[in-house]
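Beneath this line is the structure, given in C-alpha cells, with notes to follow.
The values are calculated or read from the model by the stated rules, or taken from the named source; none is laboratory data. Because the structure is predicted, anything quoted here is derived from the model rather than measured. Every residue, glycine as well, gets a Cβ built from its backbone with ideal geometry; the counts of neighbours run over all protein chains shown.
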C-alpha cells in the first residue's frame, strides 16, 4: 500500500513472455521468458497486502513508540498493453490501525476509501497515476495513492535474465496529494537468484537491496508534520512467467531521520522498522 513514511518497493505485477524463434532448418532451444509486464491471463487478479511500521520518536531524550499496521485485499483488473497497461485496483477490504501516545489508537476500514486506484505501467513496471480514490483523514495518514502507483509493481529489466544476473533501477516520487506531499527516490540492486518451486509451481526468485530517501509533509489533526528519512531495505519477489505476474514479494527495511511538528520547539529524531508483504491469492 505504500505508507507515506515507508520504503516504496513496495513494493509488486504483470509481464510479457518471449520465446526464441527457430533458426534455419532446426528449431533452437527456447529463450528464458522476458521479465516485462503485459496482460496477465484472465485480466484480473487479487492480492493480499500487509504493511507494518514500528517507529520510535526521540522527544529530547524521552522515547515514544508509534505503530501503524495496514492490511488490504486488492482486486485488480488490467486493460491495454505494451507501455500503457492500465491497472484498476479496488480495495475489497482494508484495515488500518495507528497507535501513538498522543492520540491513542485510531482505526479505519474500506468504508473510508471511495473509488478505485487507477494507474498505468510500462513494460518495466514504471507507474503513472491516472486517478486516485477519495480517502478519509485517518486512511490518508498511512496510504499514498501516488506512491502506490509509482512503486506497487517491482521494476523489471524488460528483457530475459539468467540466474546470477544483476541489474539496478530507481523509483522516484514527487507527488502532491490532498493531505500532503511526498518527494524522494529508491535505488534498487536486483539479483536473479534462480528457479524455486512453491506448491508445485516454478518461479524465478529475485532478491534485492534498496536505499531509500524521502521527505513527506502532511497535516494530521490540525498539526503540520514534515518527515525527512533515509535508510536501507532487503527483500525478494517471486516471478511467475506462466501467469505474467509477481506472485509474492517481501520487504524489510529500516529508516532513520527527523520529524518536524508544528507544536514541537525542535526537530524530533525518528527510527523506524518497516515490513511489507504481498501475495497473490486469486488469479489464473
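Does residue 148 satisfy the criteria of being at pLDDT 95 or above, under 17 Å from the mean Cα position of the chain (by Cα) and crowded, with 17+ Cβ neighbours inside 10 Å?
It is false that residue 148 is at pLDDT 95 or above, under 17 Å from the mean Cα position of the chain (by Cα) and crowded, with 17+ Cβ neighbours inside 10 Å.
Examine the stretch 223-232 for a residue that is exposed (fewer than 14 other Cβ atoms within 10 Å of the Cβ) and closer than 20 Å to residue 102 by Cβ, and state whether such a residue exists.
Looking through the stretch 223-232, at least one residue is exposed (fewer than 14 other Cβ atoms within 10 Å of the Cβ) and closer than 20 Å to residue 102 by Cβ.
Go through the stretch 116-145 and give me each residue that's outside any loop (DSSP other than H, G, I, E, B), closer than 19 Å to residue 217 by Cβ and within 14 Å of the chain's Cα centre (by Cα). Working first, answer last.
Step one: filter the stretch 116-145 for residues outside any loop (DSSP other than H, G, I, E, B), giving 117-121, 127-131, 134-135, 137-140, 145.
With the extra rule that they be closer than 19 Å to residue 217 by Cβ, the set shrinks to 129, 135, 137-140, 145.
Scanning the stretch 116-145 gives 129, 145.
Would the stretch 102-115 turn up any residue that is under 19 Å from the mean Cα position of the chain (by Cα), crowded, with 19+ Cβ neighbours inside 10 Å and within 25 Å of residue 186 (Cα to Cα)?
no
Looking at 41, 32, which is the one that is outside any strand (DSSP E or B), over 21 Å from residue 116 (Cα atoms) and modelled with pLDDT of 90 or more? Steps first, answer last, please.
Values: 32 fails: modelled with pLDDT of 90 or more.
The match here is 41.
Within the stretch 175-187, track down each residue that is surrounded by 13 or more Cβ atoms within 10 Å (Cβ to Cβ), at pLDDT below 90, touching a helix residue (DSSP H, G or I) at 6+ places or on another chain (Cβ under 9 Å) and assigned to a strand (DSSP E or B).
175, 177, 180, 182
Quick test for you: out of 213, 260, pick the one residue that is surrounded by fewer than 20 Cβ atoms within 10 Å (Cβ to Cβ), within 16 Å of the chain's Cα centre (by Cα) and part of a strand (DSSP E or B).
Of the residues listed, the single one that is surrounded by fewer than 20 Cβ atoms within 10 Å (Cβ to Cβ), within 16 Å of the chain's Cα centre (by Cα) and part of a strand (DSSP E or B) is 213.
Name the single residue that is nearest to residue 41 (Cα to Cα) among those in the stretch 80-115 being out of contact with any strand residue (DSSP E or B) (no Cβ under 9 Å at 6 or more places or on another chain) and part of a strand (DSSP E or B).
The qualifying residue nearest to residue 41 (Cα to Cα) is 81.
Please indicate, with yes or no, whether at least one residue in the stretch 188-200 is closer than 29 Å to residue 131 by Cα and surrounded by 14 or more Cβ atoms within 10 Å (Cβ to Cβ).
Within the stretch 188-200 (the criterion being closer than 29 Å to residue 131 by Cα and surrounded by 14 or more Cβ atoms within 10 Å (Cβ to Cβ)), the answer is yes, since at least one residue qualifies.
Can you tell me which residue is nearest to residue 46 (Cα to Cα) among those in the stretch 61-79 that are touching a strand residue (DSSP E or B) at 6+ places or on another chain (Cβ under 8 Å) and loosely packed, with under 13 Cβ neighbours inside 10 Å?
Taking the stretch 61-79 as the starting set, the residues that turn out to be touching a strand residue (DSSP E or B) at 6+ places or on another chain (Cβ under 8 Å) are 63-79.
Narrowing further to those that are loosely packed, with under 13 Cβ neighbours inside 10 Å: 63, 65.
Values: 63: 39, 65: 33 Å.
Result: 65.
If residue 6 satisfies every condition in (1) part of a strand (DSSP E or B); (2) within 27 Å of residue 266 (Cα to Cα); (3) at pLDDT below 95 but one, which is the exception?
Among (1) part of a strand (DSSP E or B); (2) within 27 Å of residue 266 (Cα to Cα); (3) at pLDDT below 95, residue 6 violates only (1).
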